[in-house]
Amino acid sequence: MSEADFDHPDIVLEPHGPMLVRGASTIRDAEGTLHRVERPVVALCRCDKSSRKPWCDGTHKVIPRR
Ligand code: FES
(Lines give C-alpha, C1' and ligand atoms only; values in the text may rest on other atoms or scores of the structure.)
Protein backbone atom coordinates (compact mmCIF):
# COMPACT_ATOMS: atom_id res chain seq x y z
CA MET A 1 0.00 0.00 0.00
CA SER A 2 1.34 3.42 -0.87
CA GLU A 3 1.05 6.82 0.77
CA ALA A 4 -1.47 7.72 -1.94
CA ASP A 5 -3.97 5.15 -0.64
CA PHE A 6 -5.93 7.32 1.76
CA ASP A 7 -8.78 6.11 3.91
CA HIS A 8 -11.51 8.34 5.17
CA PRO A 9 -12.31 6.68 8.49
CA ASP A 10 -14.65 7.89 11.21
CA ILE A 11 -12.87 8.46 14.53
CA VAL A 12 -14.35 8.52 18.02
CA LEU A 13 -12.24 9.34 21.10
CA GLU A 14 -13.50 7.37 24.08
CA PRO A 15 -13.11 9.33 27.34
CA HIS A 16 -10.23 7.73 29.30
CA GLY A 17 -10.05 5.00 26.65
CA PRO A 18 -9.05 4.13 23.12
CA MET A 19 -9.55 5.83 19.79
CA LEU A 20 -12.22 3.95 17.84
CA VAL A 21 -11.61 3.96 14.10
CA ARG A 22 -14.30 2.85 11.67
CA GLY A 23 -13.63 2.29 7.99
CA ALA A 24 -9.82 2.21 7.91
CA SER A 25 -7.99 -0.39 5.85
CA THR A 26 -4.58 0.24 7.45
CA ILE A 27 -3.16 1.86 10.57
CA ARG A 28 0.39 3.24 10.77
CA ASP A 29 1.92 2.91 14.26
CA ALA A 30 4.39 5.24 16.01
CA GLU A 31 7.35 3.38 14.45
CA GLY A 32 5.91 3.77 10.96
CA THR A 33 4.79 0.15 10.58
CA LEU A 34 1.58 -0.35 8.62
CA HIS A 35 -0.99 -2.72 10.14
CA ARG A 36 -3.74 -4.06 7.93
CA VAL A 37 -7.20 -3.64 9.46
CA GLU A 38 -9.47 -6.66 9.13
CA ARG A 39 -12.43 -5.42 11.20
CA PRO A 40 -15.03 -2.70 10.51
CA VAL A 41 -14.07 -0.94 13.77
CA VAL A 42 -10.76 -1.11 15.64
CA ALA A 43 -9.68 0.36 18.99
CA LEU A 44 -6.29 2.10 19.10
CA CYS A 45 -4.46 2.52 22.39
CA ARG A 46 -4.15 6.09 23.67
CA CYS A 47 -2.81 5.28 27.15
CA ASP A 48 0.47 3.77 25.84
CA LYS A 49 0.13 0.78 28.22
CA SER A 50 -1.34 -1.85 25.88
CA SER A 51 0.75 -4.97 25.32
CA ARG A 52 -0.74 -5.20 21.80
CA LYS A 53 0.04 -1.69 20.49
CA PRO A 54 -1.20 -0.09 18.40
CA TRP A 55 -4.36 -1.95 19.46
CA CYS A 56 -6.13 -1.36 22.78
CA ASP A 57 -6.07 -4.46 25.00
CA GLY A 58 -8.22 -3.00 27.79
CA THR A 59 -5.31 -2.14 30.10
CA HIS A 60 -6.52 1.49 30.27
CA LYS A 61 -9.39 0.27 32.47
CA VAL A 62 -7.01 -0.57 35.33
CA ILE A 63 -4.86 2.57 35.13
CA PRO A 64 -5.71 5.06 37.87
CA ARG A 65 -7.04 8.33 36.48
CA ARG A 66 -5.27 11.56 37.36
S1 FES B 1 -6.32 2.78 25.55
FE2 FES B 1 -6.88 0.79 26.00
S3 FES B 1 -5.04 -0.16 26.55
FE4 FES B 1 -4.45 1.86 26.06
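The values are calculated or read from the model by the stated rules, or taken from the named source; none is laboratory data. The structure presented is a predicted model; accordingly, all values stated were derived computationally and were not measured. Heavy atoms of the whole protein, side chains included, go into the accessibility calculation; ligands, DNA and RNA do not. Shrake-Rupley method; radii C 1.70, N 1.55, O 1.52, S 1.80 Å.
Rounded to the nearest whole Hz, the Karplus-based 3J(HN,Hα) values (6.51 cos²θ - 1.76 cosθ + 1.60, θ = phi - 60°) of region 14-25 follow the sequence 7, x, 6, x, x, 9, 8, 10, 10, x, 8, 9, with x at glycine and proline. The amide H of L44, built 1.01 Å from its N in the peptide plane, has M19, L20, V21, C56 as neighbours under 5 Å, considering only residues 5 or more places off or on other chains.
Phi-derived couplings, Karplus 6.51 cos²θ - 1.76 cosθ + 1.60 at θ = phi - 60°, listed residue by residue for region 36-46: 6, 9, 9, 10, x, 9, 10, 10, 9, 5, 10 Hz, with x used for Gly and Pro.
When ligands, DNA and RNA are left out and all protein chains stay put, how many square angstrom of accessible area per residue does region 10-56 have with a 1.4 Å probe? Please list the in-between numbers first.
Working: 3270 Å² over 47 residues.
Value for region 10-56: 70 Å² per residue.
Given a 1.4 angstrom probe, I'd like the percentage of the accessible area of the chain that is carbon and sulfur, rounded to a whole number.
Numbers: 2620 of 5200 Å².
That fraction is 50 percent.
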